[in-house]
Amino acid sequence: DSIAGLYEQEYGKKLHVVRNIPRKQNFQVSETRKELGLAEEKNILLLQGAGINIDRGVEELVEAMQYVNKNVLLLIVGSGDVIDILKKNVKELGLQEKVCFIPKVPFQKLKAYTANADFGLTVDKDTNINYRYSLPNKLFDYIHAGIPVIASRLTEIEKIITQYNIGTFIENHDPKHMAEVLNNAVKDKEKQATWKQNLAKAKNNLVWEKEEITLQNIYEKYL
């Protein structure tokens, strides 16, 4: 909606919005944590993506793991130009037991990792208009997997998380602040239960089967 608003302001034309939301998916656990080589007793924070790049908040996220409880694991699955830097930082900070890297994997395998996570992370910075109005695919993967989301307050992401009450936010990228938000989310079982209950509704509403109705209506009007 934010991007449509920019176009309307620039060109004076009201646009219909069709979001790139996946079809309803089955995110049942197909492989156990043991089979995936993940710690069974830890709370897993998942950050996934094919654009894990410099200055998108992940450097600070790794630094924050110094201050996060030892029963928490940050699982980074995917690729990007900051990965080598992150691995170097993990080694220098002695965080090998708290941060795990998995290279880019096929989507079915990614679904297995996502289904085994406790939280999904999306922590891009508001450094440019592209990030500010982004609506990443991983947000919907987290929702369809039924895992609460911890996010930075980017416009469209915040709108969805707030509308459905399915997670919480970092207010800035100070590592100690980020760690505080992560620790609080992990230990607050009451909020987790509420978020998970709300996720059941969100994942039924946020599907392509509902999104495509807008597109169908446009075709019917003009064809």
List every residue pair whose Cβ atoms lie under 8 Å apart, where the two residues are 6 or more positions apart in sequence or sit on different chains, the first residue falls within the range 196-207 and is under 21 Å from residue 186 (Cβ atoms), and the second residue, located anywhere, is part of a loop (DSSP other than H, G, I, E, B) and open to solvent by 50 Å² or more (accessible area, probe 1.4 Å).
-> 198/165
If we ask which residues in the range 54-87 are open to solvent by 70 Å² or more (accessible area, probe 1.4 Å), closer than 18 Å to residue 103 by Cα and charged (D, E, K, R), their number turns out to be 3
Pairing a residue in the range 174-193 that is of a type in the set (Asp, Glu) with any residue that is in a helix (DSSP H, G or I), where Cβ atoms lie under 9 Å and the two sit 6 or more apart in sequence or on different chains, gives 174/60; 174/64; 180/64; 180/67
Filter result for the condition that a residue is over 22 Å from residue 107 (Cβ atoms), out of contact with any strand residue (DSSP E or B) (no Cβ under 9 Å at 6 or more places or on another chain) and either open to solvent by less than 40 Å² (accessible area, probe 1.4 Å) or modelled with pLDDT of 95 or more (or both), over 222, 164 | 164
Candidate set from the range 93-108 (those that are out of contact with any strand residue (DSSP E or B) (no Cβ under 7 Å at 6 or more places or on another chain) and of a type outside the set (Asp, Glu)); member that is surrounded by the fewest Cβ atoms within 10 Å (Cβ to Cβ) | 106
Quick one: count up the residues across the range 1-38 that are of a type outside the set (S, T, N, Q), open to solvent by 100 Å² or more (accessible area, probe 1.4 Å) and closer than 25 Å to residue 101 by Cα.
-> 2
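The values are calculated or read from the model by the stated rules, or taken from the named source; none is laboratory data. Given the structure is predicted, the values throughout are model-derived calculations rather than measurements. Cβ sites come from the backbone with ideal geometry, for glycine too, and all protein chains shown count toward neighbours. The protein model used for the area step is the full one, side chains on, heavy atoms only, and it has no ligands, DNA or RNA in it. Shrake-Rupley method; radii C 1.70, N 1.55, O 1.52, S 1.80 Å.
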